[in-house]
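The values are calculated or read from the model by the stated rules, or taken from the named source; none is laboratory data. Computed from a prediction, not measured in an experiment: that's the story for all the values here. Methodologically, a virtual Cβ is constructed for each residue, glycine included, from the backbone with ideal geometry; neighbour enumeration extends over all protein chains shown.
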Amino acid sequence: MTRRPACHPFRQTLLATALLAALTPASAQETTGPAATATTTAGDENTPARVVVLGSRSSAKTALDTAAPVGLINAKDMQTAGPLELGKLLQTLDPSFNFSTTFISDGTDIIRPATLRGLGPDQLLVLVNGKRRHQQALVNVQQTIGRGSAGTDINAIPMSAISHIEVLRDGAAAQYGSDAIAGVINIVLKSQVKETQVSSSIGTTSEGDGDMISGSANTGFGIGDGGYVNLSVEGRRRNETNRAGIDTLRVNPPRVTQRIGDSLAKDAFLWVNSALPTSKDGELYAFGGVSKRTGDSAGFFRPREDGRNVPAVYPNGFLPNIMTTVKDASFALGYRHELDNDWKFDTSVNHGRSQLGFHERESINVSYWYEPRPGGGIYAESPLEADTGTLKFNQTTVNADLRGPIDLGGRKISLAVGAEYRRDNYAIEAGDPVSYQYGRTNNPAIRILDQTGGIAASGAQGFPGYTPSTEVDDGRHNIALYVDAEHNLTDKLLVAGAVRYERYSDFGSTTTGKLSMRYDPTRTLGLRGSVSTGFRAPSVQQKFYSSVSTNLNAAGVLTETLTAREGSTVTRAFGIAPLKEETSKNASVGIVLRPLPNFSVTADLYRIDIDDRIVFSSNIAPESGTCATAAACPIRAILDPLKVGQAQFFTNAIDTSTDGFDVVAEHTTRWPGSTLVLSGQLGFNKTEVEARRSQSPVLTGAQLFDDAQVTLIERGQPRQHHVVAADYTTGPWNVNTRASYFGEVQGQGFTAPFIQTWEAKWLVDMSVRYAFTKRLTLAVGANNLFDTYPTEWDKVRAAPFPQLGFTHCWETCPIGINGRQMYARVDWAF
């Protein structure tokens, strides 16, 4: 496969960082200035506390004193950044985080993939208040970032409920369990009392679409002796955007036929965080929330002459309309107690669920319409909308931790031990019969012909429904035991270790470990490093998901595609073994410099090797041409009896390596009545597929995971993501300017063998805030101030997509295609 050279020069970029030192107050990085403060105490969200708890089970540390890089995003960061959804906010503030824009990708249009350090969405563990957050029900099966994964629905958490966010950029499976290969994000909820915070904003794009309106309220009140209840409610509506060009191939005269951009979305959230002391040393705590989000997106246009259209119903062709409803809920209940000799005990039960329902509109079941009627003629009728099925994921986690100091031969060691039980369950519910049936009897022996004389397509056009054969309600459980230890060998040298054992009910057990070190030879210099092994268990979504959907084949033709689950007839016929865990090795080394009280620099170099990585296979299509015997065309011999054009499945097919380098610098200058914070963050990241393998006697490794999928993993996410920012406050005024650099990305999922390159781009965001009082502020701002768009499609080599109306990116879109977005926001506290 041809690869483009990496975009640098590296040396010049480092020099630019030193000169810029740069722009966004602490934005998700280690900092020393006031913008890095994060609230950790109940009752006052403005209490300065530059400490983090992520990455260590001993005492909390400042972000600059940790043995692994931990970023910190505080309330001011979230206020000065423009995005209203958590995923885009994290991408704006932390260069290691990516939140790719998706469209025409079914459910991925409403639950977009969130990644860290260029790895997959399911290799990032998300915690809320230090407790494991459940994953999403959706499996990303389209040609997008995170293809084949089921990560965490990061946008199900409202920003109005968040106090601060900690980002651990280090392998941590030995500390926190499966999924923590890339790192961990810990979202800490607000606990303030005796204050109500109200926020409202409106926005639009420079094209006059994508209008956004949102409102939120957060309030807290005390209960008992030192207890609290904090409530957050939030709602927003985002209108659709459309950047589709003229379709010159499918309609005459040419016109816009596609919807390419953000879907119409409506979101509502209700969250709570609370604690009730039961004694001077113990307290009950509870937190969680519910959310409901609806999406209105589009599929592929069906032209008038297409066999999937009925001209009597849609004389000008039609664009299927995919409606999605995401319901998410979580609730954690726990008890913590301070014991003698500084020991602490914490036990909790945490339940979460994710549900995604599909509903198809502006559609038709062609086989219903053309089905022969007994006695002659055709039925000439079909519903034009239907429920197409529901995905459900549930997770229950029971946890107990005990931590404190022990004395071994006069040496004080911080020790933590714990046990965890987790139950995961996955379910698929079938859609309405019309959404998947071939004719009213679903009898393949009946010959139903469409308008072109071919066999009529079954099911609803756009997103065919899940069938009774794909229904499932199954799960697994696992137990874990873990030990963490941390010890200061000297005043300057800290060492830490962790060991974790997990046993799963479906594939067996695994043990992982981690060693960390922090050495501070002087007050201004710190050295840190870690080595660890990790793992990621195959998710129940990957084990039990199956479907029949309409995708593009290699020739650009819409084709019925079967996603076969583990142990199915198809995977057995291809010789695909049951899924096993991914294993990883992670190493990092870093330096922390504090040459001045108001200036800090950190640099961390890392490598992550992953073996037996679980991926979604390429679309496996039958051999073309004439087959003299079944042995000459083994793929066709397997697929033809199933009456599908192509198949795909989950398999442990590749080994990957990821190398990266993160640099963070911040400088704070104070004058009487004014403060200027300059910060710069550089993120370099490179993932390569080291090996492709196949367990199948029918398929080679290159067939099972073709070059298009290699390109998506290696070049689908920016190898360089930098953020430089300046935050200036004087009197009641605050001006924040942030410039983000996104390196080039590539894709060939729809254009193979041609590799489409979307060039590197700078995006500039700016906001101006005025405080009428300490409790009332008005902000106006623009994201993507200079109206920057991704590179346009190559009109010759990427054909036919530019001719179909695709103007910019598709399978990988780190900066989106909306252009400039302007907004105004009011914040009021009372």
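Could you list, ordered by first residue, the pairs with Cβ atoms under 8 Å in which the first is in region 439-458 and among the basic types (Lys, Arg) and the second is part of a loop (DSSP other than H, G, I, E, B) and at pLDDT 90 or above, at least 6 apart or interchain?
440/371; 440/379
Which of (1) buried (at least 22 other Cβ atoms within 10 Å of the Cβ); (2) in contact with a Lys or Arg (Cβ under 9 Å, 6 or more places away or on another chain) is the odd one out, the single condition residue 246 does not satisfy?
Evaluating residue 246 over (1) buried (at least 22 other Cβ atoms within 10 Å of the Cβ); (2) in contact with a Lys or Arg (Cβ under 9 Å, 6 or more places away or on another chain) leaves (1) as the failure.
Just to verify a result, which residue in region 320-349, among those that are among the hydrophobic types (A, V, I, L, M, F, W, C) and crowded, with 19+ Cβ neighbours inside 10 Å, is farthest from residue 261 (Cα to Cα)?
If we take residues in region 320-349 being among the hydrophobic types (A, V, I, L, M, F, W, C) and crowded, with 19+ Cβ neighbours inside 10 Å, then 332 is farthest from residue 261 (Cα to Cα).
What number of residues within region 293-324 satisfy the criterion of being in contact with a Ser or Thr (Cβ under 7 Å, 6 or more places away or on another chain) and basic (Lys, Arg)?
0
Looking only at region 300-319, decide whether some residue is under 33 Å from the mean Cα position of the chain (by Cα), outside any loop (DSSP other than H, G, I, E, B) and surrounded by fewer than 17 Cβ atoms within 10 Å (Cβ to Cβ).
The answer is no, given that none of the residues of region 300-319 is under 33 Å from the mean Cα position of the chain (by Cα), outside any loop (DSSP other than H, G, I, E, B) and surrounded by fewer than 17 Cβ atoms within 10 Å (Cβ to Cβ).
Of the residues that make up region 745-755, is at least one aromatic (Phe, Trp, Tyr), in contact with a Pro (Cβ under 9 Å, 6 or more places away or on another chain) and either crowded, with 21+ Cβ neighbours inside 10 Å or modelled with pLDDT under 95 (or both)?
No, because not a single residue in region 745-755 is aromatic (Phe, Trp, Tyr), in contact with a Pro (Cβ under 9 Å, 6 or more places away or on another chain) and either crowded, with 21+ Cβ neighbours inside 10 Å or modelled with pLDDT under 95 (or both).
Go through the residues of region 351-361 one by one and say whether even a single one is part of a strand (DSSP E or B), over 30 Å from residue 299 (Cα atoms) and among the aromatic types (Phe, Trp, Tyr).
no
Looking at region 402-421, which of the residues that are over 14 Å from residue 485 (Cβ atoms) and either part of a strand (DSSP E or B) or of a type in the set (A, V, I, L, M) (or both) is farthest from the chain's Cα centre (by Cα)?
419
Out of all the residues in region 405-436, which are more than 30 Å from residue 369 (Cα to Cα), surrounded by fewer than 19 Cβ atoms within 10 Å (Cβ to Cβ) and touching an Asp or Glu at 6+ places or on another chain (Cβ under 6 Å)?
405, 418, 427
Report yes if some residue within region 755-769 is closer than 23 Å to residue 75 by Cβ, touching a helix residue (DSSP H, G or I) at 6+ places or on another chain (Cβ under 7 Å) and of a type in the set (Gly, Ala, Ser); otherwise report no.
So far as region 755-769 goes, yes, one or more of its residues are closer than 23 Å to residue 75 by Cβ, touching a helix residue (DSSP H, G or I) at 6+ places or on another chain (Cβ under 7 Å) and of a type in the set (Gly, Ala, Ser).
Working only within region 48-87, note down all residues that are at pLDDT below 95 and within 14 Å of the chain's Cα centre (by Cα).
Once the filter is applied, which keeps residues that are at pLDDT below 95 and within 14 Å of the chain's Cα centre (by Cα), region 48-87 yields only 85.
From the list 583, 524, exactly one residue is at pLDDT 90 or above and buried (at least 19 other Cβ atoms within 10 Å of the Cβ). Which is it?
Within the list 583, 524, the selection yields 583.
Tell me which residues, restricted to region 539-572, are in a strand (DSSP E or B) and modelled with pLDDT of 60 or more.
547, 548, 549, 559, 560, 561, 562, 563, 564 - these are the residues of region 539-572 that are in a strand (DSSP E or B) and modelled with pLDDT of 60 or more.
Only residues that are surrounded by fewer than 18 Cβ atoms within 10 Å (Cβ to Cβ) and over 19 Å from residue 726 (Cα atoms): list them for region 761-777, please.
Hits for region 761-777 are 772, 773, 774, 775, 776.
Determine which single condition residue 281 fails, assuming it passes every other condition in (1) more than 30 Å from residue 430 (Cβ to Cβ); (2) in contact with a strand residue (DSSP E or B) (Cβ under 6 Å, 6 or more places away or on another chain); (3) modelled with pLDDT of 95 or more.
With (1) more than 30 Å from residue 430 (Cβ to Cβ); (2) in contact with a strand residue (DSSP E or B) (Cβ under 6 Å, 6 or more places away or on another chain); (3) modelled with pLDDT of 95 or more applied to residue 281, the lone miss is (3).
If we scan region 152-162, do we find a residue that is at pLDDT 95 or above and in a strand (DSSP E or B)?
yes
Residues being of a type in the set (Asp, Glu), modelled with pLDDT under 95 and either surrounded by fewer than 16 Cβ atoms within 10 Å (Cβ to Cβ) or part of a strand (DSSP E or B) (or both): count how many of those fall in region 487-519. Talk me through it step by step, then tell me what you get.
So the first thing to find is which residues in region 487-519 are of a type in the set (Asp, Glu), and the list is 491, 502, 506.
Those still in the list that are modelled with pLDDT under 95 too: 491, 506.
So of that shortlist, the ones also either surrounded by fewer than 16 Cβ atoms within 10 Å (Cβ to Cβ) or part of a strand (DSSP E or B) (or both) come out as 491.
Qualifying residue count, region 487-519: 1.
Search region 447-456 for residues being among the hydrophobic types (A, V, I, L, M, F, W, C) and in contact with a Ser or Thr (Cβ under 9 Å, 6 or more places away or on another chain), and hand back the single one that is surrounded by the fewest Cβ atoms within 10 Å (Cβ to Cβ).
Step by step, filter region 447-456, then rank; the result is 455.
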